[in-house]
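These notes concern the structure reproduced below.
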Amino acid sequence: MAMKVEVLSDTSVQFPGYCVYCCEPASKQREVEVEASYETERRGKRVKIRTYKTKLKIPYCEKHFKELEKLENMLYAKPIGIGMIYGFIAAIVSLIIGFVGGDFARDVWWRKYLLNPILIMVSGLVVGALAGMLFGAFILHPILAIFLKTARHTPLLFIGGSLGFKAEFKRKGLIIRFRFTNPSYAVKFAEANRGAFFG
Ligand SMILES: [Zn+2]
């Protein structure tokens, strides 16, 4: 079961040099960014928003660093790449239909507004990449998590974290809450950070 450790957000967070996932000596590092925004005051229509951001260097052993890379490649890099290819093909097909379609196609909205071929191709790539990313994050990842433990132990995209751990700001940015799948690492982590407490 995952173990929670909370650290005050204004202290510099220390990660002991062991793999965050298996606690063996670490030889690799992965940078993870955690961000949160909070509304601090609201007077009339003016809303003040404060953003908290921190970069964490997460230690991994060789094996789990490779597994994390493999997972990310499978869940994101490949679907995004494939999405871009399909998006580009769709853009080319739209262009061909647009050019040979005559009167019928001339009335179609995209022919009217997106006639610029470069814009159509760029849109195809962007929409394709976005579709690939969403597919990886919300379809592929949950399915893979059923069968693969490392996928289950890796937070979804858009959530700060990577294999074996998750981090998020809590209490209006006052603390960072860490969740470790390996309790032994959670204990080492709590020892290394003064003022850390188990959540
Ligand atoms: Zn490891």
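Close amide H partners of T154, meaning residues 5 or more places away or on another chain with modelled amide H under 5 Å apart, are G164. Each Lys and Arg adds +1 at its Cβ and each Asp and Glu adds -1 at its Cβ; summed about the Cα centre, the range 3-198 shows a dipole of about 700 debye. When every Cα-Cα distance of the range 3-198 is counted in 5 angstrom steps from zero, the calculated P(r) takes the values 1, 7, 12, 14, 12, 11, 10, 9, 8, 6, 4, 3, 1, 1, 0 percent. Placing unit charges on each Cβ (+1 for Lys and Arg, -1 for Asp and Glu) gives the chain a dipole about its Cα centre, and among S37, G87, A151 the Cα reaching farthest toward its positive end belongs to S37.
Normalised by the number of residues in the chain, the average gap of Cα pairs under 8 Å and 6 or more apart makes the relative contact order 36 percent.
Distance between the modelled labels on A145 and N73, one decimal in nanometres: 2.3 nm (7 Å Cα→Cβ projection). Legend: helices of the chain (whole DSSP H runs) are marked when their alpha-carbon atoms reach 24 angstrom or more along the helix axis and their mean Kyte-Doolittle hydropathy is at least -1.0; marked are 78-100, 117-135. A full extension of the chain between N116 and I49 corresponds to an added length of 20.3 nm, given 0.36 nm per residue minus the alpha carbon distance. Of all aspartates and glutamates in the structure, the ones whose alpha carbon falls short of 16 Å from that of K57, not counting any fewer than 8 places away in one chain, are E31, E33, E35, E69, E168. With 19 Å as the limit, the listed pairs K55/K170; K53/K188; K70/K149 have K53/K188 beyond it between alpha carbons.
Bear in mind these aren't lab numbers, they're just calculated from the coordinates by the rules spelled out. Values in this document were obtained by computation on a predicted structure and should not be read as measured data. Neighbour counts are summed over all protein chains in view; Cβ atoms, including those assigned to glycine, are modelled from backbone coordinates with ideal geometry.
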